[in-house]
Every structure is written in structure tokens, then in C-alpha cells.
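What follows is one structure encoded as C-alpha cells, with my remarks underneath.
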Amino acid sequence: MTFPQPDPIIHTRESLERIIAFILHSAEQPGVTDISLRQNGRAVVRANTFLKAIAQPWLTNDWIGITALLGNPPWLEKPPRLRTLRATVDLGGHRFRCTWGQTRNGETVDVRPIPRDIKTPEELKLPGILPDTLAALSGGLVLFVGPTGAGKSWTMASLIRHRARIRGGKYVLVENPVEFLHEDTDKAEFYQMEVGKDVESYGAALEDVMAQNPDVLVVQELIDRRSAENTLSAALSGHLVMATMHSQEAASVPSRFAGLLEPEDEGAYKAALYKLSVCLEVIVVMRLMPGHNGLVPVFEVLTMRDRPGGQRINKLVTLVAKGDAVGIRNEILMGGSRAGMMTMENSLQGRIDEGLLSL
């Protein structure tokens, strides 16, 4: 006797519906920033920086729904070591960033909610110096620094929209994946490119987009020498470039950036630092802290000018050219407040004084 086999299409649809329902329910909980799904039947939800593991044995049987969730991507035929995927998906009126990966315990998908509405600098509680400075700049390099999930993309999107509203211009964004969606206005136009779909890589995209003559170039992440070289070249050529990278503090960013370019050749490393000192304008370091009513951003800010649109601070230019992390930090501590700079400790104390955080 033979038994009827389950319809794979129906099973996939039902699995997808269960996965979507779990993601939407989790995302609606207060403070949730990340949802991790594992093929071995485990889910981990991060809320207000804290993790909570939840046994979800149905995930193993319903994992086929993940393929449908991500749009049946072509990486299934790649060797396991090459299988990576980032994508954005729209579910139930919400937008999510999904990162698929392979581990020794099976496949995983990390899901991060993305707000549809881009918040203003005031709503995000950004330091007041940032929107004024970005609006005043016509060229140079602005770096947003912090760990994954620190709010770098939110901050950049807010400042981009603020600048576009005030000054207009042509904005070219190279992202992996595209997260916040920017709409053209009567005086600003946006070209958003996704690595792996619209362009081959960050480095390749940056070589091509310069021919489009953007007023502002946005690089979602500096990940290798090629992307760092092309980003620096764009900033040196007079374009305003905004990019993100990983580091712990503003003072160490110049050395880390130069290390991406020339990690071994000392002479080339010093030359890279000098080039950076010529075009660097702002470094913003970010952290998200659990507060009384959700996550609260704290910042460290280094600005290379004495005021928005003002003169460059020669002492800081010299310190960046030397990669002098101690000197840079001392400059932020001793005289930076006059130019709107702040340390992470200053920002943290300010949030405590505002009643948003407590130690």
C-alpha cells in the first residue's frame, strides 16, 4: 500500500507562514533589535542588549520556509564555505534585514527590524553638532564607528535625510543590503545600489560611481583594502563621503583605517595616515545602552574643525597624520568641547543627567 505524500508547495507555504508569524510577534516586543533563528530548533531574541534563548523545535521541520523567506536565492548551489547572503524582506508591513549563515550546528538566519520611517536627529537624540556639521560640509570623510547593532545605519540615514532637506544634491549609496529607503525630492536624488545585486562588490562599485559625480557618497561598510582605498580616493577628490567601520574609540580610528590600506609597509602606512589627515572631517563612535525606556544611544565625537563650517584644527590634523591615538584622545578631553566634541564618558554622564540611564 502506498500513502499520499505531502504537497511540498503547501508545506513550504505553511512553514513560511509560521516563521513569519514568529518573526512579527518577536519584533513587536519592547526593545527587540535582533531575532536569530537556528535550523536545530533554537531561537534567540535580543531585547535591550540582553539575550533570551527560546526552544522552537518546529523550526527544524519548517526550515524550508527560510528559503522561501529569502526568495529562493541562488547560493544554494555554492560550496558551503562560499554561502553567504544578506537580504532585506518586507513582512506584514514591516521591513527586516536578514543575514543567512552556515555553522557546524546547521544553518542560521539573523533578522533585524528596520524602521520604515527615518527619524530626525532630534528623535534619535544625536549630538547637536552632527546635523549642523554634515549640513555645512561639501567634501571630506565622515566615519561612523561601532560594533554591529550600534545604530550606525540609523544615524547615517537620519543625517543624510537632514542634509538632503537643507542642501539637496545627488546621493549615491552602496549598501549590503539596502536598509533604509530614501525618496527623491524636488532638490535631492538618491541612487541606492546593493552589493551582490546591482554591483559586484564595494570596491568595484566605488570605482564606477565616481563617474556619476555624486555630491555625497555613502559606503555602508569598509571591509577591505580595496573599499578603503576607493573611499579615501573619493574623499581626497573633493566628494563628501560617509562610511562605517569597526573600532572601539575615535582616537584609534586613524591607525585602524591606515591599517586597512597598508598593514605591512611602514612607509606606505605613514603615507596613508597623511592622506587621511587631509580629508578626515568627523568620527562618530556609537554604543546603544539599555535605558529606562528602551535603548539609549551614547556617542564619542571627534570633529576636525573648530565649529561647523569653520577652520580646521591644525593640532588635530598633525595628530591624525602621526596616528597618535594618545594625543588625539587628549585633544578631545582637553579642548574638544569648544568644537562640539565629546568623549563616551561625557555622553554617558549626559544621558544619566537627562534621566535616560542609571548606573
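Quick notes on this structure:
- Residues MET344, MET286, MET334 arranged by fewest to most Cβ contacts within 10 Å: MET334, MET344, MET286
- Each Lys and Arg contributes +1 and each Asp and Glu -1, all at the Cβ; summed about the Cα centre of the chain, the dipole is approximately 540 debye.
- Estimated from helical segments only, the mean residue ellipticity of the chain at 222 nm is -10500 deg cm²/dmol, where each DSSP H run of four or more residues counts as -39500 (n - 2.57).
- Förster radius 25 Å - calculated FRET efficiency between ILE54 and ARG104, Cβ distance, rounded to 0.05: 0.75
- Mean-square fluctuations from a GNM of the chain, with a 10 angstrom spring cutoff on Cα atoms, peak among GLU28, GLU194, GLU249 at GLU28.
- Charge dipole (the chain, unit charges on Cβ, about Cα centre) - positive-most of ASN293, ALA205, GLY93: ASN293
- Convex hull volume per residue for the chain, taking Cα atoms only, in Å³: 161
Bear in mind that the values in this text are calculations on the coordinates, not laboratory data. Quantities reported herein were computed from a predicted structural model and do not represent experimental measurements. With ideal geometry, Cβ positions are generated from the backbone for all residues, glycine too; neighbour counts draw on all protein chains shown.
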